[in-house]
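First the structure, in the form of structure tokens, and then the observations on it.
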Amino acid sequence: MKFSPTLGLLALVSGASSLTVTTNVDQLRSKQNTTVVPNTFIVELQPDFHPELQPKDRFAKTKPGAKPNWRVRHQYNDTDIFYGVSVSFDSPVDLATLRTSAGVKNAWSVAVVPRPELRGLWGVPDFNRGGTKLPDYRGSSDVNRPLDMGNVQKLHDKGIKGKGVQVALIDSGIDYTHPALGGGFGRGHKVALGYDFVGDAYDGSNDPQPDGDPLATCADGGHGTHTAGIVAMQDPKKQGFGLVGVAPEATLAAYRVFGCEGGATNDILIAAMVQAWRDGADIVSMSLGLWQAWEEINPFEDVVNKLTSHGVAVVASIGNFGTAGPYSSSTPAISLSALSVGSIESDIYPTAWTAHDDQQRAINYINVFPATELGRVEVVQLGYGLDVPITPNITSGCDQDAWDALSNAQLNWNTTILQVSWESWCGTAWGPAVDLGVKALLVTMSEAQDILVDEPGSEPAALYLDIDNSKLLLSRLAKQPAGKKYALTFDGTKAVAVANPYGSAPDYFSSFGPTIEMTLEPKISAPGGTILSTFPVDAGGYAVLSGTSMSAPFVSGSLALLKSQNPRLTVPQLFARLMTTARPVNELNSKLTASVARQGAGIIDAYAAVTADTVISPAEFSLRDSASPAPQKITISNQSRSRKRYSLQHVPGTFYRLSNNYLSDIKDNFSSANLPLTLDIPASAQFSQSLVNLGPGQSVTIEVQIKPQPDMYPFANPVYSGFIKITADDDDEYSVPYLGVPYNRTEVGPIVHNVTTVKPYDSPGVLKAQATDLFLADALTPTPNLETYNWTTDLDKAYIPVFRIDTIMTRFLRLELVPANVSFVPSMYGFDPDVHIDYKFPDQPILPGFLGVPTYGLVLAESIEPQPEGSPIIQSTDIGHFLGLALLDPSLTNDKGDKFRIAAGDYRVLFRTLRWRGNETNPDDYESWLGPVMRFDIPSDLPPDFPNSSE
């Protein structure tokens, strides 16, 4: 990848070292403002501050409230849950000052939470969309297989279906006209309560238009209808698929926080959470979230804690950022009192249909609805017209000759379907079919693929065949006599079962824990991949979607079943019952137990949770960062009416590293930072007792010593985990998940050093790059101790410094240029301090600098905290910073944000970053690196419009 020199002051160069690609300072600040609404805050007020006044009037008594030109977006006047305001100012306000104002308990920036994705297969069938009666698709397919996966069906067979429990869904609204969701709204209906906080036109950036009706009929608003169905749907007789939700007798309350497109601000989400409490919710289900792994800046923490203390359980999706590896969780799921949920793939594709060839031999294809409108069509392979054998490489779509031949074939696409192949090396490169007028594609595959099909109305329609049916079809096509066409008639109208090769494994998209503070996340998992559920009637009535958005309502429904039978249990007790009875699952196609960072306690077992007669405490161990974590204690309580014998066993989980390009002694293991390796590096465990006998009502506490294997690569962000398995003599099984980091963060980092990167390049270090070639792999290693860099209008002759510095787990970093003779003593040198150099001091003012270190100016600074308007410090909540920063424009900024040119002369780069749990005002809490002399040749006539960040 090459960047234009017009990127300006700071260009982040990319290459073989797997750096995260961002842009320059100004653009990063703009990026921040796309998620954080400028000068807009959620303010929690002190309860004893002017208690006689309403929230708006109380805020007006604060120092920030005394400023003119502000408006209240929301008032939160429930002293039990949250008391304060959401307020927007017309002029800049410093969040730090706001937080410390008299009368203010806490404050957070208002941020936009992106709308949940519709990940999967959804479509519009050929029926009267003006009515509410749906076709009967019942067939042999086990459409309710997720209920078996979560062991829910056994409870339904006993008549336990969630009656008397109210589940609040904070989502995109519900199409309650759907027959499976009761067909109406209000008292006596399945969807009995709710509120629309936003309206159809709201997108997260405009003013909401609230009303009392949470109805959402737009297809892009179908997410909430899908999650509602997972909780409580019940298809009527002779309509739909025969679907049943997890808790079909639970009462639903719908709170709409997303419009038909766009995101929602977190202050609206808090308003919905407070309203759910007022309306009597037992469970709040939130299939949404913002990628945020730092607990300390989570604005939902106080609200979730208060709801929990008042008996309201908050269940939330862990997020769909799993390809980023560990520390990819989201808020509000990471709230300490919430139950965060990961996703397990369904065992089947729930909507497969049958087509028959002219010999009445069946082929099954995957789609939401049967493609009967196609009738009888002839199958033509991509590559038709080429005088070569047709192979999957040709039908993949990446062979242009195949498309050219097809365009000359003059086929009638009204009576023809095109067979293409989905090959991982090529992808879904079938775009030219649109220009050819192809109406439908028959998609085969040579290896298993995760099927997420196009949105409704997409042309051409794509019908997918699994591996077995792909082989059948291709075999029949290969055996077809020359000159004779092979045809299929799409006549099947009843769903059939097709096995899912990814079934019962953690979904690749499901976010990993832990939090940055190393709290165990997710807490539990549930079926969430390839889930059939309700959808707005006008958009087809049903959809097959995938995501932790689908697993969270499954857990909410399971929690409703548990609470209906155990109304006196507290929220933490309910959560613990679900976690300790969950069943750990293996990694995909592996005998290794999946990491707790992926699955939490395992897949939910609702029946085991309801029928458990043993209580295990605690339900989890967050072992934090230590090579030798402290001993843990597990209490086993026999609440049955008979004596029980229990045995304890250790089950290690897989080991993960976030950044596998930092494995200096391991060959061929280099991987992108967003593709963590699954490793078999098990921890060990010792028990004070491994066998115990308990009579009815008796308890015992057992000490467990868990010890990870020594790890040589702390900069790779390793995470280890496992389970303490407890088996009773009646075969009931319980487990306690644990998770930790096998080194001490206060002793390691945050600056990555003494490792080998891919090139290899030293980190930290300075490289020398040609201004027109910012590809990192092309950068040069400079002369030790002193190197010359030059800027010129002839960019082909300009050679500039690239600062190559990586960090892990830091809240604050600062990169600046300092005098070459600076007396500062760093944690590590990037040069030999004993080498004498005759310095050429620049005609450049020396500024006081940060924490007493003189400086010429700031190159880059990032902080976890929001910054005042105009600050040169960028807010960044990244867990690690992988920097390859090119000083393309010889300019710096001061701490007020003023930008200025620098003069020719000698400089050093100083990098400081805050240690784990360090204090930003304490110089001793920083790890630092001081670089070699950089001799800058900067022509005095370099024009002020030299390519910079403003262009």
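Each value in this text was obtained by applying a stated rule to the coordinates, not by laboratory testing. Predicted model, so just to flag it, every value in this text is computed and none were measured. Using ideal geometry, Cβ is built from the backbone for each residue, glycine included, and neighbour counts are taken over all protein chains shown.
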Fill in the blank from the handout: Set 158/306; 591/725; 161/237; 190/563; 133/158; 797/899, cut-off 28 Å on Cα-Cα distance; pairs above it are 158/306; 133/158
Exercise for the section: Would you kindly derive the ³J(HN,Hα) couplings of the range 854-860 from the backbone phi angles with the Karplus curve 6.51 cos²θ - 1.76 cosθ + 1.60 (θ = phi - 60°), listing them in order in whole Hz, with x for Gly and Pro? Expected result: x, 8, 8, x, 9, 8, 7
Problem - From phi via Karplus (6.51, -1.76, 1.60), per-residue ³J(HN,Hα) for the range 337-347 in Hz, x at Gly/Pro - result: 9, 8, 9, 7, 10, x, 10, 10, 6, 5, 6
Practice task
Take the Cα radius of gyration of the range 613-741 and divide it by 2.2 N^0.38 Å, with N its residue count; two decimals is plenty.
Solution key: 1.27
Exercise for the section: List the trypsin sites (Lys or Arg not before Pro) within the range 847-951 that fall in a DSSP loop (any state other than H, G, I, E or B) and whose Cβ has at most 14 other Cβ atoms within 10 Å. Expected result: 896, 917
Practice task
Please identify every one of the trypsin sites (Lys or Arg not before Pro) in the range 500-576 that sits in a loop by DSSP and has no more than 11 other beta carbons within 10 Å of its own beta carbon.
Solution key: 568
Handout entry: Only Lys, Arg (+1) and Asp, Glu (-1) charged, at Cβ; the chain dipole about Cα centre in debye
Key = 2580
Problem - Cα centre as origin, Lys/Arg/Asp/Glu Cβ charges: the range 38-113 dipole, Debye - result: 240
Problem - Rounded to 10°, Cα long-axis angle of helix 266-278 versus longest principal axis of the chain - result: 50
Practice task
Take the range 239-332, compute every pairwise Cα distance, and split them into 10 Å bins from 0; I just need the percent in each bin.
Solution key: 14, 41, 33, 12, 1
Handout entry: Antiparallel content of DSSP bridges confined to the range 362-470, in %, to 5
Key = 15
Completion exercise
Among [x] 190; [y] 235; [z] 159, the value of volume of the Cα convex hull per residue in Å³ computed for this structure carries the label [x]
Problem - Long-range amide H partners of residue 383 with built H, under 5 Å - result: 406
Fill in the blank from the handout: Under the Karplus relation with 6.51, -1.76 and 1.60 and θ = phi - 60°, whole-Hz ³J(HN,Hα) for the range 379-396, x at Gly and Pro, equal 8, 10, 8, 4, x, 4, x, 7, 8, 9, x, 7, 10, x, 5, 6, 6, 5
Practice task
Find how much the distance from residue 825 to residue 133 grows on full extension, using 0.36 nm per residue of separation minus their present alpha carbon separation; answer in nm with one decimal.
Solution key: 241.5 nm
Fill in the blank from the handout: Non-local residues with an amide H under 5 Å from the amide H of residue 254, with H modelled 1.01 Å from N and Pro and chain starts lacking one, are 169, 193, 194, 195
Completion exercise
Over the chain, the sum of -39500 (n - 2.57) across DSSP H runs of at least four, divided by residue number and rounded to 500 deg cm²/dmol, gives at 222 nm -4000 deg cm²/dmol
Problem - Neighbour net charge for residue 599 - beta-carbon separation under 12 angstrom, K R +1, D E -1 - result: -1
Fill in the blank from the handout: the chain: antiparallel bridges as % of DSSP beta bridges, rounded to 5, reads 70
Exercise for the section: Can you tell me the FRET efficiency between residue 681 and residue 643 if r is taken as the Cβ-Cβ distance and R0 is 35 Å, rounded to the nearest 0.05? Expected result: 0.35
Fill in the blank from the handout: For the range 113-214 the translational diffusion coefficient, Stokes-Einstein from a Kirkwood Rh over Cα pairs at 4 °C and viscosity 1.567 mPa s, in µm²/s, is roughly 75
Completion exercise
Rounded to the nearest 10, the angle in degrees between the Cα long axis of helix 25-35 and the longest principal axis of the Cα atoms of the chain comes to 30
Fill in the blank from the handout: re the range 38-113: pairs of Cα atoms spaced beyond 21 Å account for a percent value of 15
Problem - Degrees, to the nearest 10: 223-232 long Cα axis against longest axis of the chain - result: 50
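If you scale each eigenvalue of the Cα gyration tensor by 5 and take the root, what three semi-axes come out for the range 348-499, rounded to whole angstrom and sorted largest first?
Semi-axes, largest first: 22, 17, 15 Å.
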